[in-house]
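Derivation of every value follows stated rules applied to the coordinates shown; laboratory data play no part. Keep in mind that what you see is a predicted model, and the values were worked out from it rather than measured. We place every Cβ from the backbone using ideal geometry, glycine too, and count neighbours over all the protein chains shown.
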Amino acid sequence: MAPRLDLVLINPSSRTQVYQSLGTELAAVENPVWAGLMANFCRQKGLSVEIIDAEAECLSPSEVADRVAYLRPVLTAVVAYGHQPSASTQIMTAVSRACSAVKVACPEQPVLLLGGHVAALPERTLREEEADFVAAGEGVHTLAGLVEALKSAVPDVSAVPGLYFRDNGRVQRGPAAPLLAKLDTELPGIAWDLLPMPRYRAHNWHCLGGHERQPYAAVYTTLGCPYQCSFCCIQAPFKNGEVAPLGQKQPPNSYRFWSVDHVLGQIDTLVNTYGVRNIKIADEMFVLNKRHVVGICDGIIARGYDLNIWAYTRVDTIKDGMLPKLKAAGFNWLAVGIEAGADRVRTDVDKAFSQEQVYSVVREIQSAGISVIGNYIFGLPEDDHATMRATFDLALDLKCEFANFYSAMAYPGSPLYATATQKGIPLPRRWTGYSQHSRDSLPLPTRYLPAREVLKFRDDAFTEYYTDPGYLAMVERRFGAQSVEELRRMTAITLERDLLSGALDVEPTLLPPDEAQTTPAELLQLAKR
């Protein structure tokens with residue numbers, strides 16, 4: 001008999017729950033970056049590993065469970081990560097279904113949950129889900145340590161770093177897991193050979209102008225983020241335990257780099273082995289460290305690769321000389337966090353750059369031949385109808401080549417979430433409610449507006465922007481008539497919203513700005529102290 005497989009990593013299928021019908025053709029199908037990194041970490045420890053990418057292969061929970069039953073691993077791990085940090089919470093419903101299906105099919109199969117959301121709420125996750133274990137922190141040391149413990153003649157999991165487990169009905173935890181320090185050697189890239197590479201595809205906007213959307217891949221060049229925005233959950237996997245409420249000291253941030261040579265090696269593999277041209281740099285903030293960015297660009301340019309890359313930046317992180325290098329290396333899109341059109345709203349959430357800077361940087365990027373994805377948020381704590389309209393008017397005036405319109409959410413793992421739960425601010429009852437596109441989406445109320453009005457404004461703004469004659473004329477000039485038709489097909493899809501139809505039995509009430517109740521704006525002020 002062949003040796004028993006050590007580990008199966010599951011990326012659950014969540015597209016229909018998170019994106020509704022937008023997920024059928026328009027949304028990206030992205031390789032599970034963290035599952036791929038974890039697989040290589042464990043293989044380096046001598047463990048045998050398989051990945052089941054249910055999202056890419058369109059597998060139901062029962063089909064995933066059947067595969068697990070066939071593979072008979074020592075440990076099954078369901079990974080809760082998505083396209084970006086907040087997506088970890090959005091996919092928890094899918095994580096739960098995959099976990100439950102495995103336990104129904106194989107009751108004795110040990111199951112571990114890990115990922116951004118799980119790291120943010122480890123004890124709650126273990127209490128609510130049918131998993132045997134959950135992992136705090138990054139999870140890689142927990143994975144390898146748990147497999148080795150389960151393979152022992154007398155399994156003892158109490159010393160596994162970062163592990164939460166049950167002992168006689170009580171939740172217990174092992175010692176804290178150390179953060180990875182030397183990424184090149186400790187987390188040596190993604191296990192591309194374990195992934196169904198031909199199935200991944202880029203977002204529709206990433207390939208405007210007639211580019212083929214496949215093949216496609218996402219990679220990291222850094223971990224973490226040097227910023228500590230109070231509404232962001234990016235830090236959750238890089239801290240031990242749950243995030244402190246606003247006003248309490250937060251653990252320090254952890255921001256680490258893979259070397260330029262290592263990143264270029266990953267790109268070499270994608271281009272030369274898998275024929276990938278469309279690449280997403282999945283870093284929370286890629287355009288930041290000039291030496292790192294320029295080094296990667298110079299390496300791509302020297303290789304002569306013809307790539308179509310996109311990455312995240314901030315208005316205030318683009319340094320002199322970066323943009324020509326980025327364009328020459330194939331960075332055709334940069335996503336810019338513009339957030340709001342009113343200075344008082346933007347300043348309130350630590351985006352302390354001026355309106356003039358926004359215009360200047362967006363035009364500078366576009367002048368370099370790089371398209372801009374403008375990211376905007378409606379429903380920030382100081383928003384009212386007038387300020388949200390100011391944000392939308394800014395979007396219309398800027399006419400970025402693509403725009404994402406979000407509603408403000410208090411994501412688990414953010415300081416705002418910790419305090420919101422203490423203060424009784426209405427939050428989604430189901431994890432899918434944290435998705436911007438889900439049927440049960442439930443954004444935060446502002447100091448002046450209920451959640452219903454924020455969500456309606458967001459949906460109306462999306463339609464108005466993508467049907468605006470001036471915007472469509474710009475798209476036709478930049479990308480051609482076919483791209484305009486693609487956008488028209490996108491806007492023809494109407495999202496169903498329980499909150500707007502009255503089907504959602506939650507009606508968030510406004511929080512009075514008095515001493516008895518802290519408002520979201522005041523919570524964010526506490527975070528800055």
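Things to note:
- Relative to the current alpha-carbon distance between Ala386 and Asp320, full extension at 0.36 nm per residue lengthens the span by 20.2 nm.
- Helical mean residue ellipticity (222 nm; -39500 (n - 2.57) per DSSP H run of 4+; nearest 500) of the chain: -11500 deg cm²/dmol
- Tensor-based shape of the chain (alpha-carbon gyration tensor, a/c under 1.5 rounded, otherwise prolate or oblate): oblate
- Sorted by Cβ neighbour density within 10 Å, fewest at the top, the residues Asp193, Asp132, Asp397: Asp397, Asp193, Asp132
- Neighbour-limited loop hits for chymotrypsin sites (Phe, Trp or Tyr not before Pro), segment 111-170 (at most 14 other Cβ within 10 Å; DSSP other than H, G, I, E, B): none
- Treating r as the C-beta distance of Val104 and Gln482 and R0 as 45 Å, the FRET efficiency rounds to 0.45.
- Checking every one of the chymotrypsin sites (Phe, Trp or Tyr not before Pro) in segment 266-326 against DSSP loop status and a limit of 10 other Cβ atoms within 10 Å picks out no site at all.
- The distance between label points at Ala159 and Glu464 comes to 6.3 nm (points 7 Å beyond Cα on the Cα→Cβ vector).
- Tensor-based shape of segment 91-214 (alpha-carbon gyration tensor, a/c under 1.5 rounded, otherwise prolate or oblate): prolate
- Cα gyration tensor shape for segment 7-173, rounded if a/c is under 1.5, else prolate or oblate: prolate
- Segment 271-342-segment 174-191 distance, computed between alpha-carbon centres (Å): 25
- Spatial offset of segment 107-169 relative to segment 386-408 amounts to 42 Å, using the alpha carbon center of each.
- FRET efficiency for the Lys290 to Lys423 pair, using the beta carbon distance and R₀ = 51 Å, is estimated at 0.80.
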